[in-house]
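The values are calculated or read from the model by the stated rules, or taken from the named source; none is laboratory data. A quick note: this is a predicted structure, and the numbers were derived from the prediction, not measured. All Cβ positions, glycine included, derive from the backbone under ideal geometry; neighbour counts span all protein chains shown. Heavy atoms of the whole protein, side chains included, go into the accessibility calculation; ligands, DNA and RNA do not. Shrake-Rupley method; radii C 1.70, N 1.55, O 1.52, S 1.80 Å.
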Amino acid sequence: MTNILVLGANGKIARIVETNLLNNPDYQLTLVLRNAYRLHQLNQANNVKIVDGDVSDKELLSKVMSGQDVVYANLNGQMEHWAKNIVEAMEKTKVQRLIWITGSGLYHEVPNPFGSWVENYVGHESKEDTRRAAKIIENSQLSYTIIRAAYMTNDPKIDYELTTKGETFKGTMISRASIADFVVKIIDDDKKYQCGSYGISRPGTDNMLHKIREIEHDL
């Protein structure tokens, strides 16, 4: 039995991951989110515990962290603050495995024109916040996997390629279903992706910035 703690459990990617792991006897899920009623339908699953709360509550975080094997963080907002709280709670409870979702551009690894768009679209302060969060995780003693995602879409197709830290980022788009598939693969084989930072994108989307702009225009 592998105990998995999901932080930000109502996120779009997290919900796909949870669906893929529901009722799997190999996994016990603890789902943490604000307003837990939003996932009330999952209470019927045999391997799910739902907790109302958020990562700003250090006492709650340490409590739900105890006994976990994997922590999967699907968060947005104050990323540096969240990273500090999570790393501190994991070290306190001696939990080692962390999966952290963030966007591309952590290391200025995305070529233009998409690289410039990423920097300007996200905003300087937010981007620096995500970079500081990543440094906290990478400088910790945890066994982490950072996933750096391209522009996320709701396309149900699973099709992706990975780049490692130090490599130029490929592509511009990625489906949330693909990211969720990679998260499940990491959980299934927790040794393969330890202490790594992986860019994820759909193959053949290197010149798709115009498509992203069309999507954003229609939102």
Item checked: the stretch 179-194 residues that are hydroxyl-bearing (S, T, Y), paired with ones that are open to solvent by 80 Å² or more (accessible area, probe 1.4 Å) (beta carbon under 9 Å, 6 or more apart) -> Y193/K185
Margin query: Anything in the stretch 170-185 that is of a type in the set (V, I, T), surrounded by 22 or more Cβ atoms within 10 Å (Cβ to Cβ) and under 13 Å from the mean Cα position of the chain (by Cα)? List them, or say none.
Written below: I179, V183
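If we only count strands (runs of 3 or more DSSP E) wholly inside the stretch 1-116, which ones have 1 or more residues that are surrounded by 15 or more Cβ atoms within 10 Å (Cβ to Cβ) and touching a Cys at 6+ places or on another chain (Cβ under 9 Å)? So that I can check it myself, show each step before the final result.
Working: elements: 2-7, 27-33, 48-52, 70-73, 97-103.
No strands (runs of 3 or more DSSP E) qualify here.
Condition check: among the acidic types (D, E), over 15 Å from the mean Cα position of the chain (by Cα) and farther than 23 Å from Q194 by Cβ. Does E167 satisfy that? Write out each step before concluding.
Values: among the acidic types (D, E): yes; over 15 Å from the mean Cα position of the chain (by Cα): yes; farther than 23 Å from Q194 by Cβ: no.
Here the answer is no, as E167 does not meet what is asked.
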Check: What pairs come up if the first residue lies in the stretch 34-54 and is under 17 Å from A73 (Cβ atoms), the second is of a type in the set (K, R) and at pLDDT below 95, and their beta carbons are under 7 Å apart, counting only those six or more places apart or on different chains?
Finding: D54/R34
Next item on the list: Return the total of residues in the stretch 188-205 being of a type in the set (V, I, T) and either surrounded by 23 or more Cβ atoms within 10 Å (Cβ to Cβ) or touching an Asp or Glu at 6+ places or on another chain (Cβ under 9 Å) (or both).
Entry: 1
Check: In this structure, is E125 under 27 Å from G171 (Cβ atoms) and open to solvent by 60 Å² or more (accessible area, probe 1.4 Å)?
Finding: yes
Item checked: Options D57, D69; residue that is touching a residue at least 24 places away in the same chain (Cβ under 8 Å) and acidic (D, E) -> D69
Next item on the list: Check off (1) more than 13 Å from the chain's Cα centre (by Cα); (2) modelled with pLDDT of 95 or more for Q78 and give me the number that stays unchecked.
Entry: (2)
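Any idea which residue in the stretch 138-165 is most open to solvent (accessible area, probe 1.4 Å), counting only those that are more than 19 Å from V17 (Cβ to Cβ), in contact (Cβ under 8 Å) with a residue 12 or more places away in the chain and not hydroxyl-bearing (S, T, Y)?
From the stretch 138-165, those more than 19 Å from V17 (Cβ to Cβ) are 138-142, 151, 161, 163-165; that's our starting set.
This time we only want the ones that are in contact (Cβ under 8 Å) with a residue 12 or more places away in the chain, so: 138, 140-142, 151, 161, 163-165.
Keeping just the survivors that are not hydroxyl-bearing (S, T, Y) gives 138, 141-142, 161, 165.
On the way: E138: 39, Q141: 145, L142: 6, E161: 50, K165: 110 Å².
Only one residue tops the list, namely Q141.
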